[in-house]
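Let me begin by presenting the structure, written as structure tokens, before commenting on it.
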Amino acid sequence: MSESSSLDVDRLRARYSAERERRLRSDGIDQYLETSGSFKSYVRDPWAEEIIERDPLFDEVDVALVGAGFGGLLTGARLRELGVDKIRLIDKAADVGGTWYWNRYPGVACDVESYIYMPLLEETGYMPKEKYSKGDEIFEHCQRIATKFDLYRHALFQTEISDMRWDEDGDRWVITTNRGDCFKAKFVSLATGHLQKPKLPGIPGVESFKGHTFHTSRWDFAYTSGDSHGGLSGLADKRVGIIGTGATAVQCIPHLGRDSQELLVFQRTPSSVDVRANRETDSTWVDSLTPGWQRERIENFQILTAGGIVEHDLVDDAWTSITKKLLAMRLNNTSGLSPEELAKTMEIADFTKMEEVRARVDELVDDAATAEALKPWYRQFCKRPCFHDEYLQSFNRDNVRLVDTEGKGVERITETGVVVNGVEHELDCLIYSTGFEVGTDYAHRTGFEIYGRTGESLSEAWEDGVRTYHGLLLNGFPNLFMQSIAQAGFTVNFPYLIEIQATHSAWLINEALTHQLGPIEPTEEAEAAWVETIVLRNQGSAESSANCTPGYYNKEGMPDDRSRQSGMYFGAPTEYGDILREWRESGTLTGTTQQREGERHAQRNL
Ligand code: NDP
């Protein structure tokens, strides 16, 4: 019997649609609350040991790197390799690390393979301990990169930018901060991260809870005891509730279940949780590696997970297994299928994969009703797939209970607990694992405004949606690089994209410094053409995304032209990187104010 004949396609379609419907909200209540004002305590820095005392700075640097996560670090490293000297990292955290500085919740780890996720392994001579690294190992690697490439020199931590203005007379960015600084930079690279501002759920009464409460992204170990590896002995006599069941919750719930007296998991939409299968790094494999191995492995994974074909699947994990099954068909339609037939074939493959994921729930969860509630009824990439080997089993513990809100979400929060379907669940501690702001204005997310060449702010320039050239340069904002996933290449391994953008920015900065070029910005025409390309390439995904269960991937079920415009560059697996590389190789700086003809100036350091 073929796969498709064992599937009741109409029933599955109807079920997916019903699940989507019940999750859509029409009550007019804001889905999420900002962690500002009276909720600001949710984003305080629990890790800073002291407030760094320093005098304000009024100097000048070549490059200001805003954000000291992978984006800032990789750009800094590539700039150093090219010999750029005065580089300043700026971050509100007390150290480098970005997401790996902030997220230290118990169980924090990366479910993308460490050998491809952790950048610059060959350059730093480091080999991760396991196939999937834990958060503290990745954080230490960030520190290793900063040390190796001398990026702590000139760095400003615990520093928040107030605003940035382009000084047309001096051709410099003037940067002011909450520390009284007012320094200049020839170039600015913004690597402020995609998921950096935690958000709270818009649940009535959220401000009234009198027990202990915090967000997973700022875990309160002073209350729970333990560390990112677990050992939460402070919860041994506590009734704990957690709201949210996304990728973060999937990692911390096994620890909460193990250590709390009682754990209640409040679920709105279940995650799709597949096998992770972690293991220690094999020293024989390490000994067999030859120079260039990491780049080869990263590209191999990128090609497979973006729908291409390779001879050997080097990473060979659940990510590549899923994408081999689901995406390869799209790019490799050699069987002459019509677009409709192809869409149907892909839908069947998706149903088949998700049936496997649902069958895994039945295999691992003892109680039938709980298992039923934990099954995801949507297409695989409607939400971020999760991979974990202990999450589902947590629900077999006597002290762990799933409180399924059937797509509706928690009804109300009271002084003493959480209300679902009219029933109040009393709690000592309530943990929000409710994710991060996505799709809000850049200035809103980062807390600072950027004023460009004409004095126009970034918020004004992007009023009708994100506008970039190559997902990096902005018309009206000279010598500025915006590193983000918006209008940049598709990947599931973000450091792959960061590396492409870091290499490109560093090359262009060095080119400008070496040849003493004037300010570089894209022309309006070049930017408009790139935006149009993005919008066109997102048409296909727009329809399927609109049919997806709501979440931050599809603007809570209501994607619009604006969200489509901030989509990624969909194309062949390595197409985005190839476009940027070929652009550099041409040496003509096409589409910018410094466009030049003829001779290939820029052969070095590609
Ligand atoms: P998410 O935004 O993915 O999850 C938020 C959760 O909160 C969802 O389950 C959401 O439900 C739930 N929620 C929101 N409001 C309510 C409500 N009113 N009532 C009940 N539930 C509610 O955030 P995460 O922090 O889990 O993950 C964010 C991203 O971080 C991931 O998508 C991933 O990209 C990254 N990440 C990566 C990891 C890795 O290993 N590489 C590990 C952890 C995170 P609903 O789904 O219905 O909206």
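Report the relative contact order of region 370-444, percent, no decimals, based on alpha-carbon pairs under 8 angstrom and at least 6 residues apart. Before the final figure, lay out the partial values.
On the way: 37 pairs, mean separation 11.5, N = 75.
Rounded, it is 15 percent for region 370-444.
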Exercise. Quick one: Debye curve from the alpha-carbon atoms of region 163-265 only, equal weights, vacuum; give me log10 I(q)/I(0) at q = 0.12, 0.18, 0.24 Å⁻¹ to two decimals.
Key: -0.61, -0.89, -1.38
Quiz item: If you stretched the chain out fully between Glu207 and Thr523, how much longer would it get, using 0.36 nm times the residue separation minus the C-alpha to C-alpha distance?
Solution: 109.0 nm
Practice problem: Please work out the C-alpha center-to-center distance from region 437-507 to region 197-217 and express it in whole Å. | Solution: 30 Å
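Taking a ≥ b ≥ c as the square roots of the eigenvalues of the Cα gyration tensor of region 330-448, is the shape rounded (a/c under 1.5), prolate (a/b larger than b/c) or oblate?
On the way: a/c = 2.66, a/b = 1.42, b/c = 1.88.
Oblate shape, in that a/c is at least 1.5 and b/c is the bigger or equal ratio.
Once the convex hull of the alpha carbons of region 30-86 is built, what does its volume come to per residue, in cubic angstrom?
Expressed per residue, the convex hull around the Cα atoms of region 30-86 is 184 Å³.
Which FRET efficiency value, to the nearest 0.05, do you get for Arg165 and His444 by plugging their Cβ-Cβ distance into 1/(1 + (r/R0)^6) with R0 = 25 Å? Please report the intermediate quantities before stating the final value.
Details: r = 19 Å, r/R0 = 0.74.
Efficiency, from the Cβ-Cβ distance: 0.85.
State whether region 225-351 is rounded, prolate or oblate according to the following rule on the C-alpha gyration tensor (a ≥ b ≥ c being the square roots of its eigenvalues): a/c under 1.5 gives rounded; otherwise a/b larger than b/c gives prolate, and the remaining case gives oblate. Present the calculation step by step, with values, prior to reporting the outcome.
On the way: a/c = 4.38, a/b = 1.51, b/c = 2.90.
In terms of gyration-tensor shape, oblate.
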Quiz item: Regarding region 487-535, what are the three Cα extents along the principal axes, ordered largest first, in Å?
Solution: 36, 28, 8
Exercise. Go through region 195-233 and name the trypsin sites (Lys or Arg not before Pro) that are in a DSSP coil and have 12 or fewer other Cβ atoms within 10 Å of their Cβ.
Key: Lys210
Quiz prompt | Dipole of the chain [Lys/Arg +1, Asp/Glu -1 at C-beta], most positive-end residue of Leu264, Leu474, Ser457 | solution = Leu264
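Which GluC sites (Glu not before Pro) from region 311-411 combine a DSSP loop assignment with at most 11 other Cβ atoms within 10 Å? The partial results should precede the final answer.
Working: sites: Glu311, Glu340, Glu341, Glu347, Glu355, Glu356, Glu363, Glu372, Glu390, Glu406, Glu411; in loops: Glu311, Glu390, Glu406, Glu411.
Passing both the DSSP loop test and the Cβ count: Glu311.
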Quiz prompt | Inter-label distance for Ser225 and Lys184, nm, one decimal - labels placed 7 Å from Cα along Cα-to-Cβ | solution = 5.7 nm
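Can you quote the Å³ per residue value for the convex hull of the Cα atoms in region 461-548, rounded to an integer? All intermediate terms of the calculation are to be shown ahead of the outcome.
On the way: hull volume 8.5 nm³, N = 88.
That works out to 96 Å³ per residue.
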Practice problem: Quickly work out the Ala277-to-Arg11 label distance, labels modelled 7 Å from Cα along the C-beta direction, and quote it in nm with one decimal. | Solution: 3.0 nm
Quiz prompt | Partnerless cysteines, meaning none of the other Cys C-beta atoms lie under 4.7 Å away, in the chain | solution = Cys110, Cys142, Cys182, Cys252, Cys386, Cys429
Quiz item: Taking the Cα-to-Cβ direction at Glu53 and at Gln393 and moving 7 Å from each Cα, how far apart do the two end points lie in nm?
Solution: 5.2 nm
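Give me the dipole magnitude in Debye, nearest 20, for the chain about the Cα centre, with unit charges on the beta carbon: positive for Lys and Arg, negative for Asp and Glu. Could the numbers behind the result be given before it?
Numbers: 66 positive and 97 negative charges, 59 e Å.
The dipole of the chain has a size of about 280 debye.
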Quiz item: Given the chain reduced to its alpha-carbon atoms as identical point scatterers, what log10 I(q)/I(0) does the Debye formula return at q = 0.05, 0.08, 0.11, 0.12 Å⁻¹?
Solution: -0.22, -0.58, -1.14, -1.37
Exercise. Starting from the Cα-Cα distance between Leu337 and His194, subtract it from 0.36 nm times their residue separation and give me the gain in nm to one decimal.
Key: 47.8 nm
Quiz item: How high is the relative contact order of region 436-590, in percent, counting Cα pairs under 8 Å that sit 6 or more residues apart?
Solution: 25 percent
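Output the Kirkwood hydrodynamic radius of region 99-147, Cα pairs only, in Å rounded to one decimal. Could the numbers behind the result be given before it?
On the way: mean 1/r = 0.0920 Å⁻¹.
For region 99-147, the Kirkwood estimate is 10.9 Å.
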Practice problem: Determine one quarter of the surface area of the Cα convex hull of region 44-124, which equals its mean projected area, and express it in nm² to one decimal. | Solution: 7.2 nm²
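Every read-out reported here was derived from the displayed coordinates using simple, explicitly stated rules and does not represent laboratory data. All values derive from a computational prediction rather than experimental measurement. Glycine gets a Cβ as well: all are built from the backbone with ideal geometry, and neighbour counts include every protein chain shown.
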